[in-house]
Amino acid sequence: MSELLKIVYDISAGDEMTNRVVDCLNKELAELKSSTKGSPKVLKLDINSCTKGSRWGRMCCAELGMGWIKLQVKWTLMLEKELLVEGTWKGDDAAGIGFTDLCDSDAGENILLHKLVPKLAADIKAKTRSSLSM
């Protein structure tokens, strides 16, 4: 039996952090695979920007936009060649304008993986639920 939902990523400009984001997204979106009904569908995610930012940049000048943690993804849900739903998600975080970085040397990575990725996954799940039950 074939999968009813296939998740495909475009991470052409990705690095190790992008790969970790993909792993987290796969875990967060696993319930979509089990709730998909009807014909097979493809969820395509283009990760346009993924960075844990700069710890020192945030501590020095986060209020000016320096060193921010960023995740930008464009996604589409397709049924064969028919577009069912699409979206663009942009999330960024200044880690408390760098104050979080004073206590956590991995603040950028932790915020990216445990705050921004779950928000992205929740947005995708909310917008695709009705299309997946077709």
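The values are calculated or read from the model by the stated rules, or taken from the named source; none is laboratory data. Since this is a predicted model, take the numbers as computed values, not measurements. Neighbour counts run over all protein chains shown; Cβ positions are idealised from the backbone, glycine included. With ligands, DNA and RNA removed, areas are computed over all heavy atoms of the protein, side chains included. Shrake-Rupley method; radii C 1.70, N 1.55, O 1.52, S 1.80 Å.
Observations on the structure shown:
- Matching label, percent of Cα pairs over 28 Å apart computed from the structure shown, candidates (1) 12; (2) 51; (3) 24: (3)
- Residues in the stretch 67-109 reached by a label modelled at SER12 [backbone nitrogen below 15 Å; 7 Å Cα→Cβ]: 74
- Where trypsin sites (Lys or Arg not before Pro) fall in DSSP loop in the stretch 1-67, at most 13 other Cβ within 10 Å: LYS37
- For the chain, the solvent-accessible area of protein heavy atoms averages 56 Å² per residue (probe radius 1.4 Å; ligands and nucleic acids excluded).
- Of the solvent-accessible surface of the stretch 1-119, computed with a 1.4 Å probe and all protein chains present, 52% belongs to carbon and sulfur.
- Reported to the nearest whole Å, the Cα centre-to-centre distance from the stretch 55-134 to the stretch 1-52 is 14.
- Label-zone membership for the stretch 78-97, site SER39, 7 angstrom Cα→C-beta point, backbone N under 20 Å: 78-87
- For the chain, with +1 on Lys and Arg beta carbons and -1 on Asp and Glu, the positive-most of VAL73, SER130, SER12 along the dipole: SER130
- GluC sites (Glu not before Pro) lying in DSSP loop within the stretch 18-110, provided at most 13 other Cβ fall within 10 Å: GLU80
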